[in-house]
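I have placed the structure first, in the form of structure tokens, so that the comments after it can refer back to it.
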Amino acid sequence: MTNKKSYGVSLRNVVKAYDDNIVLKGIDLEIAPGSLTTLLGPSGCGKTTILRLIAGLELPTSGQLFLGDEDVSTLSASRRDVAMVFQSYALFPHMTVGENVGYGLKVQKVPASERKDRIAAALDSVGMGGFQERYIDQISGGQQQRVAVARALILEPHVMLFDEPLSNLDTKLRRQMREDIRRLQQETGITSVYVTHDQNEALSVSDAVLVMKAGEISQLGTPEELYLQPKSEFVATFMGDANIVDADLSFKNKKAFASINGYKLELISDTRGQDAGPVRLAIRPEALTMVKGESKTGICGVVTSRAYIGSGTEYVTRWKDADIFTVMPTTGDQFKLGDMVHMEISSIGVSVIMG
Amino acid sequence: MSDTIRVESFSWSNPILRWCLLGFAAFFLLPWNALEYGVFDATYSEFYNAYAWSSIKSSAFSLVCLILIAVRPWRSMAKADLIDAIICTIAFIGILVIATLNGEALGYGAAIQMVAFGGILALALARLGFIQGDPFMTGAILLVGGLVGVFIYFPVLTIFSKVVVDDKGAFTPFMFFNLITSFGMGRVVWNSLTMAIFVGASTTFLGLVFALYAARISTRAQGVIRIFSMLPIITPPFVIGLALILIFGRSGTINDFLLYLFGDGGLFIGSGNEGWFERSAYIYGFWGIFLAQTLSFTPISFMLLMGMVSTISPSMEEASLTMRADDWQTFKNVTFPLLRPGIANAYLLAMISSLADFGNPMVLGGDYDVMATEIYFSIVGAQLDYARAATLGITLLGFSLIGFAIQRYWIGNKSYVTVTGKGTAGGFQPLPRWLQRGCTVIAISWMSFTAILYVSILVGGFVVNWGADYTPTLAHYEELWARGFGYGAWPSYITTLEFSAVGAPLTAMFGILIAYVTTRRRFAGRNLVDFGAMICFAIPGTVIGISYILAFNTAPLLLTGSAAVVIISFIVRNMPVGIRAGVSGLAQIDPALEEASLTQRASSLRTIFTIVLPLLKPALISAVVFSFVKSMTTVSAIIFLVTPDTQVATTYILSRVEDGDFGQAICYGSVLIVTMMIFILVVDKLVGKSRTQRTIKAS
Ligand SMILES: Nc1ncnc2c1ncn2[C@@H]1O[C@H](COP(=O)(O)OP(=O)(O)OP(=O)(O)O)[C@@H](O)[C@H]1O
Ligand SMILES: [Mg+2]
């Protein structure tokens, strides 16, 4: 099942309002053909709304939406070449697995014999071959999820949409399913948009991640960009844990340096457009290494909390008015509550918050 | 919206042209105007005159619009869709205005052409981005909106106009107040309200007693539920009133018995002596209506409260008991307060039912006039006082709309019971002992009383003259059923079955469609449709009757006298059954299922037929069954609309009652009860058990 041709999706200044409630405030978004883009953001920020707009289940209040070069802003869902996997799977309870998967083909009047082959192929591709005759309530949740994916894939759509497809599954199954989805997506090259609440999922499967907040785009980028160079405090704290600290920015020989309470650190992250002077940094917990003892410069304070999490130990250190969060491997030094510690800071995982 | 210029090819597969074709066909083939005696009885010249092309009428205007749309000179303009929509709207308004001014009664031709305009309008609106660009759904919404407008808002507004416009057509804004304060009106309104307050109290009390009995005391709950859910549905109007007359009437069983004991020469009096007791008509008037309505509506209160009682989680009461409250304190402080919204709900609905009730006051009213019957008496006979009837109709509608509004917006949101936490394993803790005893005694006596009544209905038809002559006889049955199909009860019986059979599927279809568009779609004017649906729930039958006869006896919508208008009022009357079935059925279908179908490129039409309807099948069947059965017992809504040709069972029974022929009336009533029971049981057998159970609860 390779795709005829991948389409990109573009939203141009798309606004969506329900009555007076403006849910999307002018979204401009280009989704590259053949990519998997993840939408991430707090509940109610408009992720599902974007998917529904792309699917045609809602029409934009204003603005335009293109699939490939075609303006589909007022085209209804049943005429768009877009398939969707719903959070609740939305499998038809009065049909068998085979009928569910073959529904779209039947709608398109594909002859029964061809339909049968394609159903079998689609089910095989998600590892559900041989389940054709079962009814939906006779298969497990994970299997239902696979059937839902097969149903979306079978029409070889230009765009596939996934709305939190794995949120009803347990952690282990989730990891396996997301790998399967990613594999299928890469095999078929279908442009995909994927909504999730789980950052691990977002970081691991995506070509691009879009972080949203209250109907607006906060940042779009590759997973690495988003994690290592968050442009705002919101993105920094939403994508994993981050310590936000004040620092002074200076430039020397085209290199950028930050001074945190006198602790000098070279910055390798993007600092274009920044002026020297006071800035705020986002420091990932992994960039900090705790060292016993006091220090006049940098981050230094008393351990106020510690939690063993198996692969490591999480510590909170009180420094000035801030709580500094770190994770140390179980194999290294261990600290007790009340220990005085200071931090060594690595350049990777430190970025300047813009604006 | 895209501003690209659309160039359309001129082809017959173009949906706009197909609708135009339908419009032209209607224009040339069907009579444009209504035929006074129906299509089959019209003379040649009447038929000819009714055609659109036989003379210049509103049809000419409509034809011009249709030709314009078919040619579409503006089809390459940017706003072509908008122009289509505007022309269609103008066509609608134009046809109605011209026909009204000319006094033309519109017929099939006009109706079909309006449908064609509706289709084109839907296409145009969909392309303008209406309802996610979905022409079928847009069309469905236009259809629902149009029908609600014509068959609900228009008649209701017509009665309003009757009380502000006098006979000469002058605007008299204060006429309503003059009428409502005129002699006798106040008493009628007061009587109705008093009755409603008392009946509300009695039925709610009994309903609660039964609910506690069935849910918490007896182990035979299923039986009680089954009987009580069936009774109100299968009991024809008048029947309970007649049964009460048999027992408590002037020559009823009780009078006879007392006379036998204490009357002239009675058992305790000695022969030849003057007795203490004379025949009395105490049952006619307040107490008769009160008793009959209590009997009629208790099952409804019971079903409502049963729903509430059985969803209270046992853990609430257990929590109270673990805090050292005894069983009575628990009942008083936990159980009862949890039930309060349900009780308020049941009370209001019983009040509304009492206000709207026509059958019982008709039979038992005596001098105690209430609004529902007074509307009837303002019109029948030589009275024809439409202004008075309209005034009463509006007042009655006002009360019941207020009741429904309170029920829906205030109490509706206050139900605690649905938010109970997780269910627990064990059963309920027992209620206080004396409460159990009290409920049991009351429930059993009331059930016995009800049983006696229904038995006397069945037996009453087999004696010569209840009260005077108890000789068994089949005379009443012979009179009704053995004189051939053209005599006695047969014509009305057959008409009833026909009308119900035509009306029931339509009721179910439109009810579910209304439920669908109001719960699943957002569109401008949805609130109007929603409110129209609420009017359907609230409007008393007699008010439907009076508003229909006022609205549909003049051009452009001349329907009175036809079978269609009787069927339409059946449909409107029973619409709540359809809507409820639809709403509760749809609530169980995840909207994502439809969306999944849409994203699989199925049209919304196909989605409805392959996804929604198959999943709604139980709701659909129950809506058909119950609207069929309810049609058979509808009287107040159609009483002004039937003609000798369209006489139905209930109106025939009414005519027997008015002639004082109780034997035949009861006889016919029993036959109806049996007919309906057979129908329900057969359907039950066919579609499997528990179906009816579930849906009765919903209705
Ligand atoms: N049909 C609707 N009518 C009115 N408001 C709506 C409707 N659908 C969504 N909203 C509002 O739009 C906003 C965005 O909703 P959306 O479903 O897109 O959020 P989301 O990002 O998917 O959230 P979640 O992560 O919880 O699924 C919310 O505030 C929601 O209340
Ligand atoms: Mg969502």
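The values are calculated or read from the model by the stated rules, or taken from the named source; none is laboratory data. Computed from a prediction, not measured in an experiment: that's the story for all the values here. All Cβ positions, even for glycine, are placed from backbone atoms using ideal geometry, and neighbour counts span all protein chains on display. The area values use the complete protein model at the heavy-atom level, side chains included, leaving out ligands, DNA and RNA. Shrake-Rupley method; radii C 1.70, N 1.55, O 1.52, S 1.80 Å.
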Qualifying aspartates and glutamates (Cα of each under 17 Å from Cα of B:K332; at least 8 residues distant if same chain): B:E317, B:E318
C-alpha long axis of helix A:97-107 to longest principal axis of chain A, angle in °: 70
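Probe radius 1.4 Å, ligands and nucleic acids ignored: give me the carbon and sulfur share of the accessible area of chain A as a rounded percent.
Values: 7610 of 15850 Å².
Carbon and sulfur atoms account for 48 percent of the accessible area of chain A.
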Filter on B:K617/B:K685; A:K231/A:K254; A:K109/B:K685; A:K172/A:K336; A:K25/A:K172 - keep pairs with C-alpha separation over 25 Å: A:K109/B:K685; A:K172/A:K336; A:K25/A:K172
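May I ask for the net charge around B:L208, where only other residues with Cβ less than 12 Å from the Cβ of B:L208 are counted and Lys, Arg are +1 while Asp, Glu are -1? Don't skip to the answer; put the middle values down first.
Working: positive: B:R216, B:R340; negative: none.
The answer is +2.
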In the A-B interface, the accessible area buried, summed over both sides, Å² (probe 1.4 Å): 2500
10 Å Cβ shell holding at most 16 others, DSSP loop, GluC sites (Glu not before Pro): longest site-free stretch of chain B: B:279-699
Pairs beyond 28 Å (Cα-Cα), from A:K255/A:K296; A:K213/A:K252; A:K213/A:K264: A:K213/A:K252; A:K213/A:K264
Proximal aspartates and glutamates to A:K292, defined as alpha-carbon separation beneath 19 angstrom and excluding residues fewer than eight positions away on the same chain: A:E314, A:D323, A:D333, A:D339, A:E344
Exposed trypsin sites (Lys or Arg not before Pro) absent - longest run of chain A, DSSP non-H/G/I/E/B, at most 14 other C-beta within 10 Å: A:110-253
Cα gyration tensor shape for chain B, rounded if a/c is under 1.5, else prolate or oblate: oblate
Positive-end residue of B:F286, B:P614, B:F183, charge dipole of the protein assembly as shown with Cβ unit charges: B:P614
Built amide H within the under 5 Å cut-off of A:R134, gap 5+: A:V97, A:G98
Rounded if a/c under 1.5, otherwise prolate or oblate - the range A:172-237, Cα gyration tensor axes: prolate
Between the range A:173-239 and the range B:636-659, the Cα center-to-center distance that results, in Å: 71
Threshold 10 Å², the range A:148-174 residues less accessible with all protein chains present than alone (1.4 Å probe): A:R151, A:L155
Long-range HN-HN contacts of A:V195 with modeled amide H, under 5 Å: A:L39, A:F162, A:D163, A:E164
Area accessible to solvent at B:Y477, 1.4 Å probe radius, in Å²: 40
10 Å Cβ neighbours from other chains, averaged over peptide A:68-81: 5
Dipole magnitude (debye, nearest 20) for the protein assembly as shown, charges at Cβ of Lys, Arg, Asp, Glu: 1440
Integer Hz, Karplus 6.51/-1.76/1.60 couplings in order for the range A:182-195, x for Gly and Pro: 4, 5, 4, 5, 6, 5, 8, x, 7, 4, 10, 10, 10, 9
Unit charges at the beta carbon, dipole of the protein assembly as shown: most positive-side option, B:N14, B:I159, B:F628: B:N14
Shielding by other protein chains, A:86-93, mean Cβ within 10 Å: 6
Percent of C-alpha pairs per 5 Å bin, the range A:241-353, short to long: 2, 12, 23, 24, 17, 11, 6, 4, 1
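Apply 1/(1 + (r/R0)^6) to the Cβ-Cβ distance of B:A344 and A:S113, taking R0 = 56 Å, and write down the FRET efficiency to the nearest 0.05.
Computed FRET efficiency for B:A344 and A:S113 comes out at 0.35.
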Rounded accessible area per residue of the protein assembly as shown, 1.4 Å, Å²: 44
Over the range B:117-205, volume per residue of the alpha carbon convex hull, in Å³: 178
For the range B:333-410 and the range A:1-66, distance of Cα centres in Å: 52
Positive dipole terminus of chain B, leading residue within B:G169, B:T519, B:N345 (C-beta point charges): B:T519
Kirkwood Rh in Å, taken over all unlike Cα pairs in the range B:553-614: 14.4
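Under the classification rounded if a/c is under 1.5, otherwise prolate if a/b is larger than b/c and oblate if not, where does chain A fall, given a ≥ b ≥ c as square roots of the Cα gyration tensor eigenvalues? Don't skip to the end; give the middle numbers.
Values: a/c = 2.85, a/b = 1.86, b/c = 1.54.
Prolate is the answer for chain A, as a/c is 1.5 or above and a/b outweighs b/c.
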Gap separating the Cα centres of the range B:532-605 and the range A:266-297, nearest whole Å: 68
